[in-house]
Amino acid sequence: MIKKLMSKLMDKFLTGIFKRKKKIRLGLYGPPNGGKTTLANKICEDWLGKGNAMGTVSAIEHETREVTVKEQIIVKSKDNKKEIEFTLADTPGIATRIDYEDFMKKGMKAKEAKKRAKEATKGVIDAIKWLDEMDCVIVVLDSTKDPYSQVNITIIGNLAARDIPVLVVANKIDMKKANVKKIENAFPQYSVVPISAKKGKNIEKFYESLFEVAD
């Protein structure tokens, strides 16, 4: 009896240690130009200080073509009673089709466009592979666009198959065409937080929501 009790207490103790030591790996996922890198930059500058931006933002799709990682980011709750430390991974935009001609339409020359398309394709493959490394994922969606897309369904399907905790961010709520309700209706199984990563609007609500998804 005593032996069993001691064994249970030891298991509980060890579990507590490993839980405390576990580093959370948080991934930013979504389609191209949803605002992942803008949000990543906002997180890093808010909690690591100015000059700690993760990547470059561009109006042309697939500016981010490699997984970028920033370690030891600590986010604190509003009352300073809770905090989470995580490694943040900003991933390339997921796409089901990448055509170099689309980049040429944005003003790129053929050689540059083909190079970008090749790198973007590799980036998508790498991003999906990195899902196996994630403890939780923030799906960043452009709230001005239709959420019922093949890309979004593919992303959510991959996450559901891996049973990864998810928080959906409805970004760009500062835009007139923003429709957060449509995103909520599209993915009712997940919490949806409306924000403007660019303007910092509702960003405190986003940070508070991180504690729920990372719990």
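Quick notes
- So residue 83, is it touching a Pro at 6+ places or on another chain (Cβ under 8 Å) and either surrounded by fewer than 17 Cβ atoms within 10 Å (Cβ to Cβ) or among the hydroxyl-bearing types (Ser, Thr, Tyr) (or both): no
- Within the stretch 86-112, the set of residues being crowded, with 20+ Cβ neighbours inside 10 Å and in a helix (DSSP H, G or I) comprises just one member, 103.
- Considering (1) among the small types (Gly, Ala, Ser); (2) under 12 Å from the mean Cα position of the chain (by Cα); (3) within 27 Å of residue 201 (Cα to Cα), the lone condition that residue 127 does not fulfil carries the number (3).
- Members of the stretch 167-191 that are part of a loop (DSSP other than H, G, I, E, B) and over 14 Å from residue 156 (Cα atoms): 172, 173, 174, 175, 176, 177, 178, 179
- Options 115, 111, 106, 76; residue that is among the basic types (Lys, Arg), over 25 Å from residue 132 (Cβ atoms) and in contact with a Lys or Arg (Cβ under 8 Å, 6 or more places away or on another chain): 76
- Within this structure, residue 183 passes the test of being modelled with pLDDT of 95 or more, surrounded by 18 or more Cβ atoms within 10 Å (Cβ to Cβ), among the β-branched types (Val, Ile, Thr) and over 21 Å from residue 88 (Cα atoms).
- Contacts under 7 angstrom Cβ, first residue in the stretch 158-176 being in contact (Cβ under 8 Å) with a residue 24 or more places away in the chain, partner of a type in the set (Asp, Glu), 6 or more apart: 171/142; 172/142
- The listed residue being among the charged types (D, E, K, R), touching an Asp or Glu at 6+ places or on another chain (Cβ under 9 Å) and farther than 19 Å from residue 39 by Cα, out of 133, 119: 119
- Residue selected from the stretch 157-174 under the condition out of contact with any helix residue (DSSP H, G or I) (no Cβ under 6 Å at 6 or more places or on another chain) and modelled with pLDDT of 95 or more, by the criterion surrounded by the fewest Cβ atoms within 10 Å (Cβ to Cβ): 174
- Total residues in the stretch 129-148, condition outside any strand (DSSP E or B) and within 21 Å of residue 65 (Cα to Cα): 6
- All positions within the stretch 117-141 that are hydrophobic (A, V, I, L, M, F, W, C) and more than 21 Å from residue 168 (Cα to Cα): 117, 120, 125
- Condition check for residue 171 on (1) touching an Asp or Glu at 6+ places or on another chain (Cβ under 9 Å); (2) more than 21 Å from residue 211 (Cβ to Cβ): one failure, at (2).
- Criterion (crowded, with 17+ Cβ neighbours inside 10 Å, assigned to a loop (DSSP other than H, G, I, E, B), of a type outside the set (Val, Ile, Thr) and at pLDDT 90 or above) met by exactly one of 34, 27: 34
- Note on the stretch 128-146: among residues that are among the aliphatic types (A, V, I, L, M) and either touching a Phe, Trp or Tyr at 6+ places or on another chain (Cβ under 6 Å) or buried (at least 20 other Cβ atoms within 10 Å of the Cβ) (or both), the one that is farthest from residue 214 (Cα to Cα) is 141.
- For the stretch 192-208, filtering for residues that are touching a Leu at 6+ places or on another chain (Cβ under 7 Å) and either of a type in the set (Val, Ile, Thr) or at pLDDT below 95 (or both) leaves 1.
The values are calculated or read from the model by the stated rules, or taken from the named source; none is laboratory data. Bear in mind the structure is a predicted one, so any value in this text is a computation, not a measurement. So basically every Cβ, Gly included, is an ideal-geometry build from the backbone, and we count neighbours across all protein chains shown.
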